[in-house]
Amino acid sequence: MGGTSKIPIASPLFNGNEKRYLVDCIDTSWISSNGKYVEEFEKKFAEFCGTKHAITCANGTVALHLALLAYGVGPGDEVIVPTLTYIATANAVTYCGANPILADSEPETWNMDPKRIEDKITSKTKGIIVVHLFGHPVNMDPILELAKKYNLFVIEDAAEAHGAKYNHKMTGSIGNIGCFSFFGNKIITTGEGGMITTNDNELNQKIRLLRGQGMDPDKRYWFPIVGYNYRMTNLQAAIGLAQMENIAFHLTKRREVADLYFKYFQSLTDLIEVPVEKNWAVHSFWMFSILLKDKAKVTRDELISLLDQDGIETRPLFYPMHTLPPYKETTNQYPVAEDIASRGLSLPTHALLTEENIRFIVNQIHYHCRRTTK
Ligand SMILES: Cc1ncc(COP(=O)(O)O)c(C=O)c1O
């Protein structure tokens, strides 16, 4: 055992103005979705991503829903999404009455393979949602070229990739719209929360209208459309602003954790595959995830359970969408995603981990993977 308490897989860190800003909200009674922190958080996030606009919302899932609604996605439409993702990516398409069309992953980055997309495009395809999985950016140029050729929108699901970069460009600023999550396990958090980024003025206006129940910004209680209450509160934005003030610190800490994992896994290359960071990418290391190789003497699920007994919390990679009941498919094959998903697990990745924690985690993985009985 590495100590008396469990090593959690994720942990938020509030080492800035979070408490002070929250108390200010309560003292001034600005606790709902009006208030200065919402605007300041949006401004700071847009500056960080290098986009004209950033729009807060209730969570990352509704960020995706709003993005699709802004493009008028509706019944009968198709949107291409990776099969290896968190279910929210596909669900947002379903909420619009449209069909998520799944594409397989590439073996190196685990992201949707640009070569698997063109075959999936039909006359019904409206756009593509790419997912920067675990914080490694998607190879965007081939996807942007396809989008141009077929006149499709590109939404970046950057829920896991705050601060990741593709060819020096921030994720969330490369496609038409970027969508972020601030759930408690994310790189920065607001408890629950989301953000939408875009350079397009018209999309910005549409998204703000849809987010605020459809109320005309120039005529109170006049609703030209059916909208949604998908707003973020000033309380959440207060935490978000404080987290943004320290985002460089949060990202540096994650990089330090990843570097330690790389260092300690170096001697286990026969057992463990570590994540890549392509030369055009800056990984944000939301979750340091590994794949077990054939030589490992335990299965992925056995390893998760053994590590749990050691006091180390881990989690399996996402089940591919085509294996889940709502999106079950048996005719199309997604061998790469299935292989990655069956061998992968995410390890504790957060700012509070010590080098001793990481050495212990890697030692235990080493020990279990070299067991003599399978
Ligand atoms: C890839 C991806 N997309 C979307 C979401 C949805 O974000 P939220 O949980 O804030 O709704 C998540 C969150 O966990 C995610 O990992």
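In debye, nearest 20: dipole of the stretch 1-152 around its Cα centre with unit charges on the Cβ of K, R (+) and D, E (-)?
Details: 14 positive and 17 negative charges, 33 e Å.
For the stretch 1-152, the charge dipole is close to 160 debye.
For Lys148, the lysines whose Cα comes closer than 18 Å to its Cα, not counting residues fewer than 8 places off in the same chain, are Lys115, Lys120, Lys124, Lys126.
Full extension of the chain between Gln205 and Leu13 yields a length gain of 65.8 nm, computed as 0.36 nm times the residue separation minus the alpha carbon distance. Simple rule: put +1 on each Lys or Arg Cβ and -1 on each Asp or Glu Cβ in the chain, find the dipole, and look at Ile239, Gln213, Tyr319; the Cα lying farthest toward the positive end is Ile239. Computed over the alpha carbons of the stretch 183-233, Rg followed by Dmax gives 13.1, 39 Å.
Ordering Tyr230, Leu307, Leu291 by the projection of their Cα atoms onto the charge dipole of the chain, which places +1 on the Cβ of Lys and Arg and -1 on the Cβ of Asp and Glu, puts Tyr230 at the extreme positive end.
May I ask you to order 310-318, 160-168 by the average number of other C-beta atoms within 10 Å around their residues, highest value first? Before the final figure, lay out each step's value.
Numbers: 310-318: 18.9, 160-168: 21.8.
The densest-packed peptide leads the list: 160-168, 310-318.
Taken per residue, the accessible surface of the chain reaches 44 Å², heavy atoms only and a 1.4 Å probe. Only DSSP H runs of four or more residues enter the estimate; each adds -39500 (n - 2.57), and after division by the residues of the chain the mean residue ellipticity at 222 nm equals -11000 deg cm²/dmol.
Placing unit charges on the Cβ atoms of the charged side chains and taking the dipole of the stretch 81-235 about its Cα centre, the candidate lying farthest along the positive direction among His132, Leu146, Gly178 is Gly178. For the chain, modelled as a GNM whose springs connect Cα atoms under 10 angstrom apart, the maximal fluctuation among Thr330, Thr349, Thr198 occurs at Thr330. Which residue fluctuates most in the GNM of the chain (Cα springs below 10 Å): Ile188, Ile225, Ile117? Of Ile188, Ile225, Ile117, the Gaussian network model singles out Ile225 as fluctuating most. A simple charge model with +1 on the Cβ of Lys and Arg, -1 on the Cβ of Asp and Glu and nothing else charged puts the dipole of the chain at about 140 debye relative to its Cα centre.
On the principal axes of its alpha-carbon atoms, the chain has extents of 72, 54, 36 Å, going from largest to smallest. Split the accessible area of the stretch 1-79 by element, probe 1.4 Å, and carbon with sulfur accounts for 53%.
Put a plus charge on the Cβ of each Lys and Arg, a minus charge on the Cβ of each Asp and Glu, and nothing anywhere else: the dipole of the stretch 275-335 about its Cα centre is then about 220 debye.
One Cα centroid belongs to the stretch 40-59, the other to the stretch 275-328; the line between them spans 31 Å.
The values are calculated or read from the model by the stated rules, or taken from the named source; none is laboratory data. Predicted model only: the values in this text are computed from it and were never measured. Virtual Cβ from ideal backbone geometry, glycine too; neighbours counted across all protein chains shown. All accessible areas refer to the heavy atoms of the entire protein, side chains included, with ligands and DNA or RNA removed. Shrake-Rupley method; radii C 1.70, N 1.55, O 1.52, S 1.80 Å.
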